[in-house]
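Some notes on the structure that comes next.
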Amino acid sequence: MMNSDPYGALLWIVVGWPLLLAIPAVRRCLPMADYFAILPALLLLLLPMDFSSTLSWLLLGTGVSIDGERRWILATVVLIWALVAMKRRATPHTTPHGQNTFYLLTLAGTLGMVMASDRVGFFSFATLMGYSFYGLLLWGQSKPLEAVRRGARSYLICLIIADLLLFEALLLSAFNPQMEVSRLYLLMVCGAVVLKAGIWPAHFWLNASYRAASPLSALLLVLPVVMALFALLRWLPLGHVDDGVAGLLILITAGASILYAGWRFVQRPVQGERLAWLSLFASGWVIASVGVGLIEPLWWLQYGTLIYPLIAAVAVILLMVALLRPPPASPSQSGDSALWMGRMWIGCSSLSCKLFAGYSLCYKAGLQRAKQLQNGLERRDLIGLLSNWRNATTLFVLLGIALAWLVN
Amino acid sequence: MEKVTLLIMLFDLLLGLGLLWLAWQLLESRNLFKAVVLFVAFGLLMALAWVRLDAPDVALAEAAIGAGLTGALLMAALAKLPSRDKSEPLADEKGHWLLRLALLLVAAGLGYVVHSLPESAPGLSAEIANNLASSGVNNPVTAVLLNFRGYDTLLELMVLMLALLGVWSLGIERSTREEPVGPVLTTLVQFLTPLLILVAAYLLWAGADAPGGAFQAGAVLAAAMVLLLLAGWPLQGLLTGVALRLMLVAGPATFVALAGLTLLDAQLLAYPPQHAGKLILLLEVAATLSIAVTLAALFLGYRPRTNKEPG
Amino acid sequence: MNTALLYSLVGIGLFSLGLYALIVHAHLLRKILAINVMGSGVFLLLIALAKRTATPLPDAVPHAMVITGIVVTVAATALALTLMVRVAMENHRAELSDQSQE
Amino acid sequence: MVPSSEIPWGALLILLPLAAAILCFVWPKLAVVTGVVTMLLLTLAVGGFAWQLQREGLYQHAVGGWETPLGIGLYGDGLSLLMLAMTVLVGLAITLYARSYFNQKQARVFWPLWLLLLAALNALFLSADIFNLYITLEMVGLAAVALVALKGGRDALNGAMRYLLATLLGSLTYLLGVALLYHSYGTVDLVLLAERIDNSPVVWAALGLMGAGLLLKTALFPLHFWLPAAHASAPAPISALLSALLVKASFYIFLRLWLVLFAPLGGDVALLLGLLGAVAILWGSWQALRQTRLKLLVAYSTVAQIGYLFVAFPLAAAAGAMLWNGVSYLMLSHALAKAAMFLAAGNLLLFGGHDRIAELDRAVQRLPISTAAFALAGVSIMGVPPSGGFIGKWLLLEAAIEQGYWLLAAVMVVGGLLASAYIFKVVGYAFTRSTATPEPQSIPMGMEWAALLLAIASILLGFTAPWVFALLGIGDPFGGGAP
């Protein structure tokens, strides 16, 4: 599509305007920057037609577009941001100045995700949104609390893994179009979404974040869930692929999420957590319908478009509950699921350390010997060997010989 | 005729073996002082080899710089090392079979490569002969150094300046002299210094037509200065501040200025043929001064300064 | 065996000897000496092979290169020696230490 | 008035810093002013050079009016231009940083050395003469050693000594290769050599010697032993320029030689290089993850990132010019990002008085600009879109997957994963509660902004790919490789 198209320009303005406002100097010139930031998006929502725009120089050619399905999500996003802006106006003292930048970056990332017309662009905006949301989680508090930090850090870990999964999926689909619908691709995308949306068993970050969230950030927490679910719809060629196994796996995850969330919900949870279980419960249903869509493509083709209003409805319900929620209790009673994740993380890394150091070799030689070897490897390991002048220069000579030998 | 060739070949063979043997001795000697002395001897033998290879310019440079100044630098550095370092036992020689094998392979491979080169190759001698007339000098080596590949020489002068800057930032001033110099050295210095200056001037002048030139002259001049320093002349006190720095940069600055001027004619370092000889002489005088002072300053090992200058 | 080949083989020998010494000896002065010997080997090869002209005059370009090389080497040697003295002061011996502080 | 198209920008790029260095040397009081003004003029000159290249194509200049093989040829194409631009961009930031970093005594030595180094780098990128390249390599190496040792201290001196020995070994080996090539083909000019070269033992030996020498200077695994010590112990701006520019300079020569002379001969060599590159990625990233000191972490990250440059070699035969575009892009973005990281790390170190990662939390919290610079540069190092690093890695991955080198692709992806882990090891500490409260030292604004601007530039590179690729195409440096 041509760039001179005024509508195309509008699409880019919708994304670019909050990015521009993210610069503090620009923002200071405007009163009520929160409202102004979503103004173009609102305008776009009111335009009754579909159009798109592509820039060939951006990220090897990426574009943005708007259509009926995106409109639902866009409307949800605009609603969330409008509510957040109102809430911020109502309680100005709880929002430190530094938050605004992260806040607007997250907004830009979200809008970009909604409108991105290809996966590279979507991925870029998703990264922007993810990391700035991480910043928002931390800086949204006037006083960063230990619980908030823990939730944010868990979120960060999920985010990194999810981005990597998505990135690999991106590669798979970009270079092997016939492999686009392979099971590996499906599972990678689903895994990423599970992590990003806080679906069971990766619900801990959402849970921990909700527990310590202020009324304002409780509203904001709806955002990553909605966007992750949207990502699932954008990245899976639903209706054109028939993969029973993947679908079944997704259904199982969704079912487990719903049951787990329901069980925890009725278990008189800590006040702040109720919202987390509700969110998990709702997104479980959305995921479940995607699973069904994978098993029964025809069903999806028939009813699949209903999923967008469904997501919007889920978001609205969550927002309503969050708005009605009383302020959180004292955050001292932090739960343990984030700790559990941290422990697992440390365990995994130390396990891989040991594997790398030739653990299997040690096992055969007996435990005593293993201890010795491990100590030895730690003290005088390969680094020492490689950085020893003598060994290193011998390798230099050998490399020279190898180069001369291998040529031709 | 036959006999003479045979004799020369024998001489070459002995010289080659002598070089290798000396190199082995100096690298494997237990005593570091001995190693340094052997290195000087090695440099002199190298100069002999250069003469045998019809490279008198290189021989002069090697004798003055390679053997003379490097030797002096090594001695000076050795004197500054802690005493127990000076005759350290060699590293244990066990377990280097892989390295030795690899190096043998390298040497054999390179030997094969050199052997595979054609018996005779003109290199660039024809081009040099054709253009020598318009280069401004008659000595082909000087022509290459200062005209055909003058750009290399410009950068090389910068390398000297770089090394000096590095030494100045690292060096430590020695506050006191260890002992007074004996009468022999004083007499020797009195006798040698004027001679060396004369030799340097001759080398500089001769460089245009015969072996010699800026580097050799500079090195000989530097040797004279090193001798004076050794004899306790307070050169470091006389040569300080802007005067010293101006002398140090005389060569590079002249070169850069000339490069800038020639660039106005759109060709870097292209001398007008009618002035080439004079320009090269100018360059050589400036470069000789700079090289001599730089080498002497490198030997000194720290930045000489007047009392009022800050550290 | 002609002169050019003989001397270039000596040059290769010097290069290899220097390389060996550079690798196995720990003392920094020996390493610096070894670098100088290696350099001499390279220069010998350059000059020896320049003698292969048909005329009695050898090729002058390698000669100029070697003079340049000798000056570069002496500059590098001076810097290396000063650095060695400083390292020896810090390490209390003229060898590289493999451990860093802390 | 000379029309600007006739100004000899290429030669000025070399002469200007040389003259400025001499000026600084003679009058140390003018050092800072001269340094800053020269840097600005150099920026202008690179701009002019780029404009000239775009108008007239290839830049060729016979120094002294002597045509090759007798004289020395200056030669500039898109690749040279990219390297020059990289030098100038990183140089601007380092100049801005160093203005406040060094005390008066250090500045006296720093400025002339820095200007000489700039001249040497520019001369290196514009040279097409393998002996001239040797001299510029020596200049670069000696200047770098002197700069590493500038601040003294045990680690820095040891690092500098090791670096000096390695760099001298590398250049002597390279020189031996030059000697063999000259005596076999009667020229040291790259263009002429490319015409004359054939498949003979001399060429094999030359590849072995020059290749090993240059790879040692580039610190390709397993020859990286000198790098972490030197890069981590040097003063911050020096670390930045070592990692950003110096390693690239020897890689540039290797790439040139490879493209012009050796590529048609070395199928298996390419595979070996790719393999070493892959190991370098894994090893460097893993070591970076294990480090407890910030600057060592960044230095090991350089070892890993060098690996990416070499992974390209086995892919090049089939992938052609676009792959080399990717490699060049990776070089550029790594230079900007790594310089930003080292500068930011220098700020954190200066603020906290140490660079132990575990105790950096307070410094990280108190220096938001430096932390942001570190994080943004990290994004580029990880290769996350839309950074410049992403474009480079993307093109490499694309080629690897298209040609079925799944292992290499996997290594690259794992390298990205490890990179994100070690970046967040630092950035993550930004948000933990600090225990120790060291007395804060104020960091001059220029030093913080130098890091941030570089980091932002490394991100913005992600948007400029088509223009950069167009400039890279001038003179067709990767010519003929297209399938």
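The values are calculated or read from the model by the stated rules, or taken from the named source; none is laboratory data. Bear in mind the structure is a predicted one, so any value in this text is a computation, not a measurement. For neighbour counting, all protein chains shown are included, and Cβ atoms are generated from backbone atoms with ideal geometry for every residue, glycine included.
Within the range D:71-118, can you find the residues that are in contact with a Lys or Arg (Cβ under 8 Å, 6 or more places away or on another chain) and part of a helix (DSSP H, G or I)?
Let us first name the residues in the range D:71-118 that are in contact with a Lys or Arg (Cβ under 8 Å, 6 or more places away or on another chain), namely D:71-72, D:79, D:83, D:86, D:106.
Those that are in contact with a Lys or Arg (Cβ under 8 Å, 6 or more places away or on another chain) and part of a helix (DSSP H, G or I): D:LEU79, D:MET83, D:MET86, D:GLN106.
Could you please find all residues in the range D:149-182 being within 10 Å of chain B (Cβ to nearest Cβ), in a helix (DSSP H, G or I) and over 21 Å from C:LEU45 (Cα atoms)?
D:ALA149, D:LEU150, D:LYS151, D:LEU157, D:ALA160, D:LEU164, listed by residue number.
For D:PRO477, only one of the following conditions fails: (1) crowded, with 22+ Cβ neighbours inside 10 Å; (2) modelled with pLDDT of 85 or more. What is its number?
If we test D:PRO477 against (1) crowded, with 22+ Cβ neighbours inside 10 Å; (2) modelled with pLDDT of 85 or more, just (2) comes out false.
Pick from D:SER333, D:SER301, D:SER380: which is within 13 Å of chain A (Cβ to nearest Cβ), of a type outside the set (A, V, I, L, M), within 26 Å of D:TYR97 (Cα to Cα) and in contact with a Phe, Trp or Tyr (Cβ under 9 Å, 6 or more places away or on another chain)?
Values: D:SER333 fails: within 13 Å of chain A (Cβ to nearest Cβ); D:SER301 fails: within 13 Å of chain A (Cβ to nearest Cβ).
Exactly one of D:SER333, D:SER301, D:SER380 is within 13 Å of chain A (Cβ to nearest Cβ), of a type outside the set (A, V, I, L, M), within 26 Å of D:TYR97 (Cα to Cα) and in contact with a Phe, Trp or Tyr (Cβ under 9 Å, 6 or more places away or on another chain), namely D:SER380.
Taking the range C:1-32 on its own, how many of its residues are more than 7 Å from chain B (Cβ to nearest Cβ) and touching a Lys or Arg at 6+ places or on another chain (Cβ under 7 Å)?
Number satisfying all stated conditions: 2.
Are any residues in the range B:113-136 more than 28 Å from D:SER200 (Cβ to Cβ) and small (Gly, Ala, Ser), and if so, which ones?
Correct list: B:ALA133, B:SER134, B:SER135, B:GLY136.
Would you mind stating whether A:LEU74 is modelled with pLDDT of 75 or more, surrounded by fewer than 17 Cβ atoms within 10 Å (Cβ to Cβ) and in a helix (DSSP H, G or I)?
Values: modelled with pLDDT of 75 or more: yes; surrounded by fewer than 17 Cβ atoms within 10 Å (Cβ to Cβ): no; in a helix (DSSP H, G or I): yes.
When the stated conditions are applied, A:LEU74 does not pass them.
I'd like the full set of residues that are crowded, with 24+ Cβ neighbours inside 10 Å, more than 10 Å from chain B (Cβ to nearest Cβ) and of a type in the set (S, T, N, Q), limited to the range D:96-141.
D:ASN122
Look at the range B:182-235 and say how many of its residues are outside any helix (DSSP H, G or I) and either outside the structural domain of B:THR153 (by TED's automatic domain parsing) or surrounded by 17 or more Cβ atoms within 10 Å (Cβ to Cβ) (or both). Give the steps one after another, and end with the answer.
Residues of the range B:182-235 outside any helix (DSSP H, G or I): B:182, B:207-213, B:231-234.
Adding the requirement that they be either outside the structural domain of B:THR153 (by TED's automatic domain parsing) or surrounded by 17 or more Cβ atoms within 10 Å (Cβ to Cβ) (or both) leaves B:207-208, B:211-213, B:231.
Summing the residues that are outside any helix (DSSP H, G or I) and either outside the structural domain of B:THR153 (by TED's automatic domain parsing) or surrounded by 17 or more Cβ atoms within 10 Å (Cβ to Cβ) (or both) in the range B:182-235 gives 6.
Mind telling me which of the residues B:GLY18, B:GLY95, B:GLY43, B:GLY66 ends up being in a helix (DSSP H, G or I), within 10 Å of another protein chain (Cβ to nearest Cβ) and modelled with pLDDT under 85? Walk me through how you get there before you give the answer.
Working: B:GLY18 fails: modelled with pLDDT under 85; B:GLY95 fails: in a helix (DSSP H, G or I); B:GLY43 fails: modelled with pLDDT under 85.
Every option except B:GLY66 fails the conditions.
Across the range C:33-53, which residue is farthest from the other protein chains (Cβ to nearest Cβ) among those that are assigned to a helix (DSSP H, G or I) and among the small types (Gly, Ala, Ser)? Outline the logic, then answer.
Kept after step one, since they are assigned to a helix (DSSP H, G or I), are these residues of the range C:33-53: C:33-49.
So of that shortlist, the ones also among the small types (Gly, Ala, Ser) come out as C:34, C:39-41, C:48.
Values: C:ALA34: 6, C:GLY39: 6, C:SER40: 6, C:GLY41: 8, C:ALA48: 6 Å.
Selected residue: C:GLY41.
For D:ALA363, which of the numbered conditions (1) surrounded by fewer than 24 Cβ atoms within 10 Å (Cβ to Cβ); (2) in a helix (DSSP H, G or I) fails to hold?
(1)
Based on this model, can you work out whether A:PRO269 counts as at pLDDT below 80 and either closer than 28 Å to A:ALA75 by Cα or assigned to a loop (DSSP other than H, G, I, E, B) (or both)? Give the derivation first.
On the way: at pLDDT below 80: yes; either closer than 28 Å to A:ALA75 by Cα or assigned to a loop (DSSP other than H, G, I, E, B) (or both): yes.
Answer is yes for this residue.
Name the one entry in B:ALA143, B:ALA133 that is surrounded by fewer than 24 Cβ atoms within 10 Å (Cβ to Cβ), among the hydrophobic types (A, V, I, L, M, F, W, C) and either closer than 28 Å to D:LEU124 by Cβ or outside the structural domain of B:PRO272 (by TED's automatic domain parsing) (or both).
Values: B:ALA143 fails: surrounded by fewer than 24 Cβ atoms within 10 Å (Cβ to Cβ).
On inspection, the qualifying residue turns out to be B:ALA133.
Within the range B:129-151, identify whether any single residue is within 7 Å of another protein chain (Cβ to nearest Cβ) and either at pLDDT below 85 or not in a helix (DSSP H, G or I) (or both), and answer yes or no.
The answer is yes; a qualifying residue exists.
If you check B:ALA55, B:ALA61, B:ALA76, B:ALA35, which single one turns out to be surrounded by 22 or more Cβ atoms within 10 Å (Cβ to Cβ) and over 16 Å from the mean Cα position of the chain (by Cα)? Explain how you work it out, then say what you get.
On the way: B:ALA55 fails: over 16 Å from the mean Cα position of the chain (by Cα); B:ALA61 fails: over 16 Å from the mean Cα position of the chain (by Cα); B:ALA76 fails: surrounded by 22 or more Cβ atoms within 10 Å (Cβ to Cβ).
From the options B:ALA55, B:ALA61, B:ALA76, B:ALA35, the qualifying one is B:ALA35.
Please go through (1) in contact with a Phe, Trp or Tyr (Cβ under 6 Å, 6 or more places away or on another chain); (2) of a type in the set (A, V, I, L, M, F, W, C); (3) farther than 24 Å from D:GLY475 by Cα for D:LEU70 and return the number of the only condition it doesn't satisfy.
Against the list (1) in contact with a Phe, Trp or Tyr (Cβ under 6 Å, 6 or more places away or on another chain); (2) of a type in the set (A, V, I, L, M, F, W, C); (3) farther than 24 Å from D:GLY475 by Cα, D:LEU70 comes up short only on (3).
For the range C:23-57, enumerate the residues that are small (Gly, Ala, Ser) and surrounded by 24 or more Cβ atoms within 10 Å (Cβ to Cβ).
If we filter the range C:23-57 for residues that are small (Gly, Ala, Ser), which is where we start, we get C:26, C:34, C:39-41, C:48, C:50, C:54.
Residues satisfying the conditions are C:ALA34, C:GLY39, C:SER40, C:GLY41, C:ALA48, C:ALA50.
Got a sec? Which of B:PHE215, B:PHE255 is closer than 28 Å to D:LYS29 by Cβ and aromatic (Phe, Trp, Tyr)?
Working: B:PHE215 fails: closer than 28 Å to D:LYS29 by Cβ.
Checking each option against the conditions leaves just B:PHE255.
Would a scan of the range D:25-46 turn up a residue that is without any contact (Cβ under 8 Å) to a residue 40 or more places away in the chain and of a type in the set (D, E, K, R)?
Among the residues of the range D:25-46, at least one is without any contact (Cβ under 8 Å) to a residue 40 or more places away in the chain and of a type in the set (D, E, K, R), which makes the answer yes.
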